[in-house]
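Trainee: Mind having a look at this structure? Questions to follow.
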Amino acid sequence: MADAYSFVKGGKLKLKGEKTKKKHKKHKKRKHEETEGGDGDATDTLQHGGWWRVSKHKEITGSIAIELGENCYIQAQDNGLFSTGPHREIGEGPDPTEEITAVYISDTKIALKSGYGKYVSVDSDGKVVGRSDAIGSREQWEPVFQEGKTALLGCNSCFLSKEESTGDIVCRSKTAGTEEMLAIRSNAVKEYVSEIPKEEKGKIKDTEINYVKKFQSFEDRRLLISKEDVSALKKAKKSGDFHEVMLDRREKMKADRYCK
């Protein structure tokens, strides 16, 4: 099944009843889970049958599912309208009929293609419909990410949500409240990007040599490496002042173009 959705207008989410709040420092472990794929992300992915939560525009590509409500996904109907499918059990992912194909348009916008091979748009009544054969301005959508929350903005500058009285998926709210919050999920293989600088991959001594090569001016065309034991570097790496100690060692050797 194919599936794709696109967005049109971006910017900061205007949350209903939003008040200015004091910023609180997040617990280190919590921050790690949210931003670096810690246990929180892994648990969430397992609970959704391997479908992980998208947090960046560039991750929205290929087969996706839009979770609107706890373990409920948007589903295309044969009449061109959309509703939400049945509640899925913990550990169960979306049904193939709930999968959508995301098509990249720009750095901010995407298009969505339903399993019926039609592009998704918003009609004059604000209903989300999948009846277009090509991508035009009405078929463009914009995913908006803010403070861990996600919403989808349609071509009419309204956010996607479910109308409880009819069950239809619509775009009728200019602001994003609880009903407009959703999750875009993907089951694509997620690439792991190492946060360790390439200079620091390898042994401690290799790391020091790499940084000397990076910052040395090479006026005399010789590589100037500290003769001091690397045990001080090992200790510094554990204490958190690794780069400062390396800089001191380079300064003593006059092997850094930024040293005085």
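Read-outs throughout are calculated quantities, based only on the coordinates presented, and are distinct from any laboratory measurement. As the structure is a prediction and not an experimental result, all values here were calculated from the model. Don't worry about glycine lacking a Cβ; one is built from the backbone with ideal geometry, like all the others, and counts go over all protein chains shown.
Trainee: How do Glu142, Glu228 line up, fewest other C-beta atoms within 10 Å first? Please report the intermediate quantities before stating the final value.
Mentor: Working: Glu142 23, Glu228 14.
Ascending number of Cβ neighbours within 10 Å: Glu228, Glu142.
Trainee: What whole-number value in cubic angstrom gives the convex hull volume per residue for the C-alpha atoms of the stretch 28-186? Provide the component values of the computation, followed by the final result.
Mentor: Working: hull volume 17.4 nm³, N = 159.
Cα-based convex hull of the stretch 28-186, divided per residue, equals 110 Å³.
Trainee: Measure up Lys109/Lys214; Lys213/Lys235; Lys56/Lys201 against 31 Å on the Cα-Cα distance and list the ones that go over.
Mentor: Lys109/Lys214
Trainee: At a 10 Å Cβ-Cβ cut-off, how would you order Phe159, Phe242, fewest neighbours first? Don't skip to the end; give the middle numbers.
Mentor: Working: Phe159 26, Phe242 18.
Fewest to most other Cβ atoms nearby, the residues stand as Phe242, Phe159.
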